[in-house]
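The values are calculated or read from the model by the stated rules, or taken from the named source; none is laboratory data. Source: prediction; values computed, not measured. Glycine also receives a Cβ, built like all others from the backbone with ideal geometry; neighbour counts cover every protein chain displayed. Note: areas computed on protein heavy atoms with side chains; ligands, DNA, RNA excluded. Shrake-Rupley method; radii C 1.70, N 1.55, O 1.52, S 1.80 Å.
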Amino acid sequence: MTEAMTTPRDTLQKFIFDNAAVRGELIEISDTWREIQARHAYPKAVRSALGEMVAASALLSANLKFNGAIVMQIFGDGPVRLLVVECDAQLRIRATAKLAPDAEILETASLTDMFNVNGKGRFVITLDPADKVPGQQPYQGVVPLIGEDMATVIENYMLRSEQMDTRLWLAADDSVSRGLLLQKLPRHSGKDDQQKQASEAEDLETWNRAVMLGQTLKRDELLSTGIETLLKRLFWEETIRVFDPQHPQFHCSCTREKVGNMLKMLGQPEVESALADLGELGINCDFCGKHYAFDKVDCAQLFASDTPVETMMPASGSIQ
């Protein structure tokens, strides 16, 4: 096995199994994860789920084939209304959670407890290209929330929507978010039937062995062990190639224009009603906390504009 270089914090490490269509990734996010948490005091179960979702978003975004972002969301009818994580192809991440008023969430709460009390929980992945052509809409996949933990939910989505065998091991606490991803890739055509069958058999054997090794990984071990050590510990008997590491970072893409678009989506009557009560609308971005102020003149200009309202709303905030 090629020896991986010592890596700094906030690192994603890709690797591939030689002679088999199986790839993997390991991720460790600490600085970015603490930046996400800096403006919110989430209950332990919410923090754990959001942190695991942060790691998963980067693991999937690292394989994006276009210039854009993955937006992951879980919403439902429980005490937690929404988890949302956005990660682009450069592994720039932002995330937030919304809780119901007076929500009480046990430390041991599962995703079902938090989102799927009456079976209305949904998991959504949106692929949002940065350079859309006119009329192009983001691709969005929506599936029922199936699974008690984040890894199972995403595995089910990948199999159901992408027809791709994917296994995930995720863990997060208040200081770090980590994860391991394994994927079985499709074989390219061009071989005769005998060669194809032999290759597929080798892929399946390698895949089953890699998953078995991944299943030995415990949550505490994942949280406390660095990427280089984990890679050696899990796959020391395998022949793998390790690529140059990538480094996730916190980044919020909110702008005044996007916040204005959010106000336009609310509609002119509701905005004018809020202005009558407050005099001025103050919106804090839920992701980074940046404050935007809109007075009566600003809002009048918003609705006087002919600019269409986008259906995808990456900005998120609340009127104060």
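Measuring with a 1.4 Å probe in the full set of protein chains, what accessible area per residue, in whole Å², belongs to the stretch 98-149?
Values: 3220 Å² over 52 residues.
Per residue, the stretch 98-149 has 62 Å² of solvent-accessible surface.
Take the alpha carbon gyration tensor of the stretch 59-118, find the square roots of its eigenvalues, order them as a ≥ b ≥ c, and report rounded if a/c is under 1.5; if not, report prolate when a/b exceeds b/c, else oblate. Let's see the in-between values first.
Working: a/c = 2.99, a/b = 2.70, b/c = 1.11.
Verdict is prolate for the stretch 59-118.
Excluding ligands and nucleic acids, what accessible area in Å² is computed for ILE146 using a 1.4 Å probe, to the nearest 10?
Counting only protein heavy atoms, the figure is 80 Å².
Once label points are set 7 Å from the Cα along Cα→Cβ at both ASP298 and ASP102, what is their separation, rounded to one decimal in nm?
Using points 7 Å along Cα→Cβ, the separation is 3.3 nm.
How high is the relative contact order of the chain, given as a whole-number percent (alpha carbon pairs under 8 Å, six or more residues apart)?
On the way: 594 pairs, mean separation 74.4, N = 320.
Reported relative contact order: 23 percent.
In percent, what relative contact order does the stretch 1-151 have, based on Cα pairs under 8 Å that are 6 or more apart in sequence?
Working: 265 pairs, mean separation 30.5, N = 151.
About 20 percent, as a whole number.
Using Cβ-Cβ distances only, list the Cys residues of the chain with no partner cysteine under 4.7 Å, sorted by number.
Within the chain, the cysteines lacking a partner Cβ under 4.7 Å are CYS87, CYS299.
Which of the lysines could be linked to LYS98 by a straight reach, that is with a Cα gap under 25 Å, when you skip same-chain ones fewer than 8 residues away?
Output for LYS98: LYS44, LYS120, LYS258, LYS264, LYS290.
Specify whether the C-alpha gyration tensor of the stretch 109-172 places it in the rounded, prolate or oblate class, a ≥ b ≥ c being the square roots of the eigenvalues: rounded for a/c under 1.5, otherwise prolate if a/b is larger than b/c and oblate if not. Let's see the in-between values first.
On the way: a/c = 2.34, a/b = 1.70, b/c = 1.38.
Here the stretch 109-172 falls in the prolate category.
Would you kindly give the portion of the calculated P(r) for the stretch 74-216 that falls above 23 Å, as a percent of all Cα pairs? Write out the running numbers ahead of the final one.
Working: 5125 of 10153 pairs.
Everything past 23 Å amounts to 50 percent.
Just one of (i) 0.96; (ii) 1.02; (iii) 1.11 is Rg/Rh (Cα atoms, Kirkwood Rh) as worked out from the coordinates here. Which one is it?
For Rg/Rh (Cα atoms, Kirkwood Rh), the calculated option is (ii).
Quick one: how many Å² of GLU272 are accessible to a 1.4 Å probe, rounded to 10?
About 100 Å², rounded to the nearest 10.
Please report, ordered by residue number, every helix of the chain (full DSSP H runs) that is 18 Å or longer along its axis going by C-alpha atoms and whose mean Kyte-Doolittle hydropathy reaches -0.5.
Working: long enough: 44-61 (25 Å, 0.89); 193-214 (31 Å, -1.07).
Answer set is 44-61.
Using a 1.4 Å probe on the protein heavy atoms only, what accessible surface does ARG81 show? Give it in Å² to the nearest 10.
110
Roughly how many percent of the accessible protein surface of the chain is carbon and sulfur, given a 1.4 Å probe and a whole-percent answer? Intermediate values should be presented prior to the final figure.
On the way: 7740 of 15920 Å².
Result for the chain: 49 percent of the exposed heavy-atom area is carbon or sulfur.
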